[in-house]
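Below is one structure, written out as structure tokens; the observations come after it.
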Protein chains: 4
Amino acid sequence: MRISADPSTDTADYEFAHQLRVRFAETDAMGIVHHSRYLPMLEEARVAYLRHIGHPYSAIRAEGIEMNVLEAWCQYRKPLEFDEVVDVHVDLARVDRASFQMGYLLTVDGEVRATGVTAHGAVTPDGRPVRLPTWLRELG
Amino acid sequence: MRISADPSTDTADYEFAHQLRVRFAETDAMGIVHHSRYLPMLEEARVAYLRHIGHPYSAIRAEGIEMNVLEAWCQYRKPLEFDEVVDVHVDLARVDRASFQMGYLLTVDGEVRATGVTAHGAVTPDGRPVRLPTWLRELG
Amino acid sequence: MRISADPSTDTADYEFAHQLRVRFAETDAMGIVHHSRYLPMLEEARVAYLRHIGHPYSAIRAEGIEMNVLEAWCQYRKPLEFDEVVDVHVDLARVDRASFQMGYLLTVDGEVRATGVTAHGAVTPDGRPVRLPTWLRELG
Amino acid sequence: MRISADPSTDTADYEFAHQLRVRFAETDAMGIVHHSRYLPMLEEARVAYLRHIGHPYSAIRAEGIEMNVLEAWCQYRKPLEFDEVVDVHVDLARVDRASFQMGYLLTVDGEVRATGVTAHGAVTPDGRPVRLPTWLRELG
């Protein structure tokens, strides 16, 4: 298991937050958000974070780099429900030469609902691993 | 992080396998299966495993128990592509009094593509934690 | 086929618009948004419309009414791509005693991408049909 | 609206059927399959139908043709629930020079649950419309 970071549950430890609202289509028959639906939320927040720091994902893709997902982990502490407004706090947790990790904290009105970590590499469009972009390694 | 198991990449270490075929709807613009789409595959295999051992999930739900997901982790080793036939190997990795962990290995024609772990508890339909069913604790 | 309305492609014909951004998870291996992913966008816009007119869907559900989907239709005129900002224009196209139809127009920077129609009824949480709420029939 | 076919609710009118089982991840907070989740089921059945008649979709893609979706329509007659085994009956309803329509009937133990129609064109990987393959026009 590559993922080591245990994400903080203190919103102050995160540099950026992205807000979204739970879709009905994301719920399941338990009346809560299905556990697989958190990963697209983390991704949406990750994309917003990259846009926020001046490196929109579409620009990264235009340079011929895809950031593939090597690992993903999520801890579900308290369910999310339909129509709730979620703050997804994002942090660049760790940067190595060939991969990086992002940490996430999901809160609703300040209440902790979930944490997550994703680990990423950089690949060409046909899937060959490449070095991380310089700007990203310098953020580490 | 509750999940400790590092799932084996040897199919012989798993007691059950469920086969499925990748849907086009599960792919993304990288031309491969989106990383969030593995979790429903693990779930489908988990449901098939429970049916296989004589405890179909619908029977468990009929007894007033939902098996909620506490944590999920996935490692993406080699992409899955549209129309590939995937063997999802399943193993009951660990059973404690109030939670259990399942390990997963995804292969295509014997080639390792991904591993995963999910941790579960037992809750009533309104989300109150209850003890695991006896048959499940006895499997541990 | 119950759906009759052919939605206008003129944004001026719609009373409300909801904006959203395409998620990477919504794309498929053709590099565009998968056709099944438009329906949750229409739903998100429908929920936003109901909130806008003072009848949030969670309030409707709290009164014991679910608005089930009887029919859905979508016409894909020009693909949506990752990260595009989509305006989903919404209109209450038709209200009968037991069902209603919503029309939708999806545009990006004013360019038409798709149109859609959904037909809905009202049911109790256990699925028994009931009359539409008075406020909804009065909007027809 | 291009779609005209009103699909039969008689299984005898269909040339092929594909069986699948409802995933828990496909349900929503109404306890039934979310209406957007029918389209991937139709797609899975369409792909199985093409494989059945000797033209697997991966072979079609290998020839540089994608079958894009022009329109989709679904009528939800009776909900689908988790773990139900669904027969998706498929029929090539209509073939024109540049597009074709497929009709669908979803049944569970012979009981009608939904019908659907999808209209398709043929495009190159970069989205330029091309003529339908000869074998497909000859099926019309």
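The values are calculated or read from the model by the stated rules, or taken from the named source; none is laboratory data. Bear in mind the structure is a predicted one, so any value in this text is a computation, not a measurement. Cβ coordinates were reconstructed from backbone atoms using ideal geometry, including for glycine residues, and neighbour counts include every protein chain displayed. Just so you know, the surface numbers come from the protein's heavy atoms only, side chains and all, with ligands and any DNA or RNA stripped out. Shrake-Rupley method; radii C 1.70, N 1.55, O 1.52, S 1.80 Å.
Could you list, ordered by first residue, the pairs with Cβ atoms under 9 Å in which the first is in the stretch B:12-26 and modelled with pLDDT under 95 and the second is assigned to a strand (DSSP E or B), at least 6 apart or interchain?
B:15/B:89; B:15/B:90; B:15/B:91; B:15/B:92
With respect to residue B:45, is the statement that it is open to solvent by less than 10 Å² (accessible area, probe 1.4 Å) and within 15 Å of residue B:86 (Cα to Cα) true?
Criteria met by residue B:45.
Could you grab me the full set of residues in the stretch B:103-123 that are out of contact with any Lys or Arg (no Cβ under 9 Å at 6 or more places or on another chain), open to solvent by less than 20 Å² (accessible area, probe 1.4 Å) and either more than 18 Å from residue B:89 (Cβ to Cβ) or in a loop (DSSP other than H, G, I, E, B) (or both)?
B:121, B:123
Please count how many residues of the stretch C:1-47 are within 14 Å of chain D (Cβ to nearest Cβ) and in a helix (DSSP H, G or I).
Selection size over the stretch C:1-47: 15.
Quick check on the stretch D:19-39: of everything there that is farther than 13 Å from residue D:81 by Cβ and small (Gly, Ala, Ser), which residue is most open to solvent (accessible area, probe 1.4 Å)?
Result: D:29.
Report yes if residue B:107 is within 11 Å of chain A (Cβ to nearest Cβ) and polar (S, T, N, Q), otherwise no.
No, not satisfied.
So in the stretch B:92-115, with the set limited to residues that are at pLDDT 95 or above and touching a Pro at 6+ places or on another chain (Cβ under 8 Å), which one is nearest to residue D:56 (Cα to Cα)?
B:113
Just wondering, is there one or more residues in the stretch C:71-89 that are touching a Gly at 6+ places or on another chain (Cβ under 7 Å), in contact (Cβ under 8 Å) with a residue 24 or more places away in the chain and farther than 26 Å from residue D:99 by Cβ?
no
How about the stretch B:60-74: which of its residues are under 24 Å from residue A:119 (Cα atoms) and open to solvent by less than 30 Å² (accessible area, probe 1.4 Å)?
B:69, B:71, B:72, B:73, B:74, listed by residue number.
Provide a single number: the residues in the stretch C:27-41 that are closer than 22 Å to residue A:42 by Cα and in contact (Cβ under 8 Å) with a residue 12 or more places away in the chain.
Qualifying residue count for the region: 7.
In the stretch C:75-91, which residues are away from chain D (no Cβ under 14 Å) and either open to solvent by 10 Å² or more (accessible area, probe 1.4 Å) or at pLDDT below 95 (or both)?
Residues satisfying the conditions are C:82, C:83, C:84, C:85, C:87, C:89, C:91.
With the requirement that a residue be out of contact with any strand residue (DSSP E or B) (no Cβ under 7 Å at 6 or more places or on another chain) and under 26 Å from residue D:76 (Cβ atoms), what does the stretch C:2-33 give you?
C:4, C:6, C:23, C:25, C:32
Take the residues of the stretch A:48-59 that are part of a helix (DSSP H, G or I) and surrounded by fewer than 23 Cβ atoms within 10 Å (Cβ to Cβ): which is nearest to the other protein chains (Cβ to nearest Cβ)?
Checked the stretch A:48-59; the qualifying residue nearest to the other protein chains (Cβ to nearest Cβ) is A:58.
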